[in-house]
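Data block below; observations after.
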Amino acid sequence: ENAPETNRIQYSIENASRYYVYLPSGIKKVTDGSLKEKKDSRYVSRGFIGEKNYEIEEISGSRPSELMVADDWVSDPQTDAQKEYCEAEAVYRQFVYDNYTKADAGMSGLINKVFWKDYDTENDGIYSAISHIREILKEKVQYTENPSEAPEDADPIRYFLNVSHQGNAMLYASVAVEALRQHGIPARYIEGYYLPEKEISGSQDASVLLDGKDAHAWAEVYFDGIGWLPVDVTPGYYYESVA
């Protein structure tokens, strides 16, 4: 009911890849700026390569992704624009399920044993599955920014779950993607930067510098009728992201 306000954001890229554009993970729409929508990538620079400096106006959602529900018109479109959207989304959804539910066959035994052996499917859904993954990880492993490296002949995920029991955001996100795919939920691995709310509120001139220490990884899940939305299972990130 409460329409979110438009945010104006300025970017200056130094010593980072200009191939990408850097946007809030909860972004709903870019209303102005030197970006254009491009299918699965969503937004790319209008220039030949990513620009070093750019500015956009955007609208981001604040609702936790796991609680998102498609509007009623998605299942019962009324206007031509709604019907066109639903037809296009149905085609893309088929592509997503064909490609983003493919899990590592060699990992299926371990993942199913750890995450889905005793899972109660009575209220199954994206929210239930992600909450379950968080609880299992909380019981079995611990978060650390600098985990021990897996031996060269060892699979990092298997080593994380069976041996070290310590992992960083990259390992948490990788495990989440594998677990979701094994459960039939389309998921993909994402890397970017994490900007805590306290850094925004503590800035005097509304500018914040992000560098390597702010690098982060998370997962995206495909919500039927809506699209890709971010989910985070790394301890210490989820609740602040929701807030």
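Things worth noting here:
- Dividing the C-alpha radius of gyration of the stretch 1-102 by 2.2 N^0.38 Å, with N its residue count, gives 1.27.
- Two-decimal log10 I(q)/I(0) for the chain, as the Debye equation yields it once each C-alpha is a single scatterer, q = 0.07, 0.11 Å⁻¹: -0.27, -0.68
- Under the Karplus curve 6.51 cos²θ - 1.76 cosθ + 1.60, θ = phi - 60°, whole-Hz ³J(HN,Hα) for the stretch 65-77, x wherever Gly or Pro sits: 4, 4, 9, 5, 10, 5, 4, 4, 5, 5, 8, 8, x
- Each peptide among 226-235, 190-199 gets the average number of other Cβ atoms lying within 10 Å of its residues, and from highest to lowest they stand as 226-235, 190-199.
- Carbon plus sulfur fraction of accessible area for the chain, probe 1.4 Å, in percent: 47 percent
- Per residue of the chain, the DSSP helices (runs of n ≥ 4 H) give a summed -39500 (n - 2.57) that works out to -8000 deg cm²/dmol at 222 nm.
- Close amide H contacts of VAL21 (hydrogens built in the peptide plane, cut-off under 5 Å, sequence separation of 5 or more or a different chain): none are found.
- Computed over the stretch 109-243, the convex hull of the alpha-carbon atoms projects to a mean area of 9.7 nm².
- Extension gain from TYR11 to GLU199, taking 0.36 nm per residue of separation minus the Cα-Cα distance: 66.1 nm
- Rolling a 1.4 angstrom probe over the protein heavy atoms with all chains in place gives the chain an accessible area of 63 Å² per residue.
- Alpha-carbon centroid distance for the pair the stretch 49-78 / the stretch 152-198, whole angstrom: 24 Å
- By average C-beta atoms within 10 angstrom, highest first, the peptides 201-209, 146-154, 168-176: 168-176, 146-154, 201-209
- Distance distribution note for the stretch 138-179: the fraction of Cα pairs above 14 angstrom is 39%.
The values are calculated or read from the model by the stated rules, or taken from the named source; none is laboratory data. These figures come from a predicted structure and were not determined experimentally. FYI the Cβ positions are ideal-geometry reconstructions off the backbone, even for glycines, and counts take in every protein chain you see. When the accessible area is computed, the model is the full protein with side chains, heavy atoms only, and any ligands, DNA or RNA have been set aside. Shrake-Rupley method; radii C 1.70, N 1.55, O 1.52, S 1.80 Å.
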